[in-house]
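Each value in this text was obtained by applying a stated rule to the coordinates, not by laboratory testing. All of these numbers come straight from a predicted model, not from anything done at the bench. Counting neighbours? That spans all protein chains shown, and the Cβs are built from the backbone with ideal geometry, glycine included.
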Amino acid sequence: MNRRGFLKSAVLAATGNAFVPTGDAFAMERPVRKGAIPPATVVPYFGGGWKMYMFSNRTIDIMLSTLFRAPSGKLVMIDGGWGADGEFLLGVLKEFGGVVDTWFLTHAHSDHYRALDEILKKPNFGGLKIGRVIHNFLPTEFIAETAPSSLPHVESFLGNLACSGLKVERPGVGQVYDFGEGLSFECLNDYDLSMRRDAINNSSICYRVVNAGKSILVTGDVSEEMGVKMLRCLPVEKLRSDICFLSHHGQMGANKAFYAAVKPEICIWPTPQWLWDNDLGAVNGPGSGPFLTNYVKCWMQELGVKRQFLLTRDWVLA
C-alpha cells in the first residue's frame with residue numbers, strides 16, 4: 001500500500017474545533033460534543049477472552065478511556081478521560097453491572113483521571129462499586145516544582161480518593177495482575193525523578209496486557225525520555241506486542257525506535273480528529289498546527305503496521 005493509501009486506512013470520524021493540548025495548563029472542561037454518538041463498532045480479534053472497549057472523547061479534547069469486560073462480566077478500567085467524560089462512562093459501567101474490579105490510572109494529567117474524580121464525588125459513587133484503584137502518581141512536591149499548573153487538580157483528586165475509602169495500590173515494576181479468564185496486566189516501569197522535562201507525561205506507567213493470548217501495550221502519555229529508558233532497561237520481549245496504544249495521543253510521545261521494538265500489527269490512536277489532521281481550527285484548517293501526528297503516521301507505515309484505529313468513535317475488539 002502506498003503512503004497515501006496507508007494514511008487513509010485509518011478510520012476517520014467526528015470533527016471539532018481545535019486547541020493546543022498542553023496537559024493541565026488548559027485544564028478547564030471542554031465543550032461536550034453535540035449530536036448523537038453512534039454505537040460502538042465491534043471488530044472480532046481476540047477470539048474469546050475479554051472484550052476491549054475503547055471510548056472516544058465526549059468533549060473535543062484529548063483523553064484515554066479503555067475498558068476490559070470479561071465473559072463473566074468482570075470489569076477492569078484504564079484511565080477514563082475528563083470530568084465531562086465521567087457521566088457517559090458511569091452509565092456504561094452501570095449498564096455492565098456496576099462493579100469495577102480494578103481501575104488503573106496511567107499518570108497524573110486531568111484527561112486521564114478526572115472522569116474517575118467526578119464519579120468519586122457522587123454519593124455512593126453514583127451506584128458504582130470499585131474494588132481498588134492502582135496508580136503511581138509523582139510526589140506532589142515534585143509536581144509543584146516541574147508542573148505547577150497540574151498541582152491543584154492532582155491534590156484535589158488525591159484528596160477525594162483518600163476520602164472515598166477505596167483500596168489504593170501502587171504498582172511495582174514486574175508486578176503481574178492476573179484477572180483470570182485469560183487477562184493479565186504487567187507493570188513495566190516506574191517514574192524517574194531525573195526526568196524533569198515533560199515530567200508528568202514521562203511518569204506514565206506502562207502495562208503489557210495479555211488477553212486471550214494477544215498482547216497489548218498501554219503507554220499512557222510516555223514521552224521520549226521514558227521510552228528510551230524502557231528500551232535500555234527492558235528485554236525486547238517485554239515490549240513486543242500485537243497491539244500498541246500510541247503514547248501522548250499519537251504525537252510528541254515515544255520515538256520511532258520504541259515503536260520498532262514493540263513491532264505492533266495494530267496501533268490505537270487515542271486522538272481526536274483535529275489532532276489527527278494537525279488542525280488549529282477556525283480558518284486555519286488541516287496542516288496548520290504544530291503537532292507531529294503526520295510523522296507518527298509515516299512511522300507506522302514504515303514499521304509495517306497492518307491496521308490502525310482512530311478513537312474519534314467508540315470501538316470494541318472482541
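When the chain is fully extended, how far beyond the present Cα-Cα distance does Asn124 get from Tyr295, taking 0.36 nm per residue of separation? List each step's numbers first, then the result.
Details: separation 171, 0.36 × 171 = 61.56 nm, distance 4.52 nm.
The span from Asn124 to Tyr295 would gain 57.0 nm if fully extended.
Going by a ≥ b ≥ c, the root eigenvalues of the Cα gyration tensor, does the range 154-211 fall in the rounded group (a/c under 1.5), the prolate group (a/b larger than b/c) or the oblate group? Walk me through the intermediate numbers first.
Numbers: a/c = 2.75, a/b = 1.19, b/c = 2.31.
It is oblate, given that a/c is not under 1.5 and a/b is not larger than b/c.
Given 0.36 nm per residue, what is the gain on full extension from Arg240 to Ala260 after removing their alpha carbon distance, in nm? Walk me through the intermediate numbers first.
On the way: separation 20, 0.36 × 20 = 7.20 nm, distance 0.88 nm.
Gain on extension, Arg240 to Ala260, equals 6.3 nm.
With unit charges on the beta carbons (Lys and Arg positive, Asp and Glu negative) and the dipole taken about the Cα centre of the chain, which residue among Val305, Tyr191, Asn284 sits farthest to the positive side?
Value: Val305.
Please compute the net charge surrounding Tyr295, taking Lys and Arg as +1 and Asp and Glu as -1 over other residues with Cβ under 11 Å from its Cβ. Walk me through the intermediate numbers first.
On the way: positive: Lys256, Lys297; negative: Glu302.
Result for the neighbourhood of Tyr295: +1.
Say R0 is 30 Å: what FRET efficiency, to the nearest 0.05, do Val43 and Leu166 get from their beta-carbon distance? If you can, show how the numbers build up before the last one.
On the way: r = 33 Å, r/R0 = 1.10.
After rounding to 0.05, the efficiency reads 0.35.
Residue by residue through the range 181-192, which ³J(HN,Hα) values in whole Hz follow from phi under the Karplus form 6.51 cos²θ - 1.76 cosθ + 1.60 (θ = phi - 60°), with glycine and proline marked x?
Coupling constants for the range 181-192: 6, x, 10, 9, 10, 10, 6, 9, 7, 10, 6, 10 Hz.
Identify which of the listed values of Kirkwood radius over Cα pairs in Å was calculated from the structure shown: (i) 22.5; (ii) 20.4; (iii) 19.6.
Among (i) 22.5; (ii) 20.4; (iii) 19.6, the one calculated here is (iii).
Could you compute the net charge surrounding Met54? Neighbours are other residues with a C-beta less than 14 Å from the C-beta of Met54; K and R count +1, D and E count -1.
Around Met54, the surrounding residues sum to +2.
Mind putting a number on the dipole of the chain about its Cα centre? Charges go on the C-beta only, +1 for Lys and Arg and -1 for Asp and Glu, and I need it in Debye to the nearest 20. Before the final figure, lay out the partial values.
On the way: 32 positive and 31 negative charges, 181 e Å.
Dipole of the chain, to the nearest 20 debye: 860 debye.
Roughly what % antiparallel, to the nearest 5, for the DSSP beta bridges in the chain? Working shown, then result.
Values: 27 of 51 bridges.
Around 55 percent antiparallel, to the nearest 5.
What nm value, rounded to one decimal, do you get for the distance between Glu302 and Arg232 when each label is placed 7 Å out toward the C-beta?
2.3 nm
Amide H of Thr59: which non-local residues (sequence gap of 5 or more, or other chain) have their own amide H closer than 5 Å, using H built in the peptide plane?
Arg33
If I take every Cα pair under 8 Å that is 6 or more residues apart in the range 158-283, average their sequence separation and divide by the length, what percent do I get for the relative contact order? Walk me through the intermediate numbers first.
Values: 203 pairs, mean separation 20.8, N = 126.
Computed over the range 158-283, the figure is 16 percent.
In whole angstrom, and with the biggest value first, how far do the Cα coordinates of the range 179-318 range along each principal axis?
Computed over the range 179-318, the largest-to-smallest principal extents equal 50, 40, 27 Å.
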